[in-house]
Amino acid sequence: MTDELLREVDEDIRRERYERLWQRYGSYVIAAAIGIVGLTAGVEAYRQYGIRQSEALSERYVLSVNSALRGDDPQGAIRALAALAADTTTGYSALARLQQAALIAKLGDLPGALEIYDSVAGDRSMPPALRELAVMLGALNAVEREDATAIERRVVSINVATSPWRFSAREAIALAALRAGDMDRARGLLRALADDFAAPSGVRGRAAELLAALDA
């Protein structure tokens, strides 16, 4: 009876520690990953797939994004991005929808943001790079509301050797495992990311930081 009680106390202590760890680092890691990707997404997509559009569309996109980055009128920026997305079926539409989702998530409407990310991910008329980016951003945003199995299902299409987002997919799975209290899985994934020189430096750095926190 005493041994059982001690085990229960030990489990409660570990659970509380993992919850504190998640509260301290989980949201930070998600925000950092999304922020880094968000800043480079448009440029990288254009570089890889050579999206070419009219100067008018380019100017509208830049103006909308600048408005979003300033943050002085988020609702106006959301409306401008939605209008741009509706006016074209090109890569600009996907980029505008992704920026719109990021703003909506920042304002606290996570279900609305996930709906947009999933819509872009499933839109076969969009460039593959932007569809994969939508999958990854959707998974990172969903970590705090979906279980680990659901997150792994979300990223199955980009957790492959040919996807440029495979490391971020594994980071999302590691975060989901951490949130679920599966420390062995989280450690294994994070250690693999931290030791993989092919992974982006930001992903490796965040993985190493989380490992250090787990082992503290």
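Worth a mention:
- Members of segment 108-151 found to be part of a loop (DSSP other than H, G, I, E, B) and surrounded by fewer than 21 Cβ atoms within 10 Å (Cβ to Cβ), listed by number: GLY108, ASP109, GLY122, ASP123, ARG124, SER125, PRO127, GLU144, ARG145, GLU146, ASP147
- Hits in segment 198-210 - residues which are farther than 15 Å from ARG166 by Cβ and either small (Gly, Ala, Ser) or surrounded by fewer than 19 Cβ atoms within 10 Å (Cβ to Cβ) (or both): SER201, GLY205, ALA208, GLU209
- Flag if ALA186 is without any contact (Cβ under 8 Å) to a residue 40 or more places away in the chain and surrounded by fewer than 16 Cβ atoms within 10 Å (Cβ to Cβ): no
- Out of ARG153, ARG170, sole residue that is of a type in the set (D, E, K, R) and at pLDDT 95 or above: ARG153
- Within segment 131-147, residues that are small (Gly, Ala, Ser) reach partners that are modelled with pLDDT of 85 or more and surrounded by fewer than 21 Cβ atoms within 10 Å (Cβ to Cβ) with beta carbons closer than 6 Å, at six or more positions or on different chains, in the pairs GLY138/ASP118.
The values are calculated or read from the model by the stated rules, or taken from the named source; none is laboratory data. This one's a predicted model, so the numbers in the text were calculated from it and none came from an experiment. All Cβ positions, even for glycine, are placed from backbone atoms using ideal geometry, and neighbour counts span all protein chains on display.
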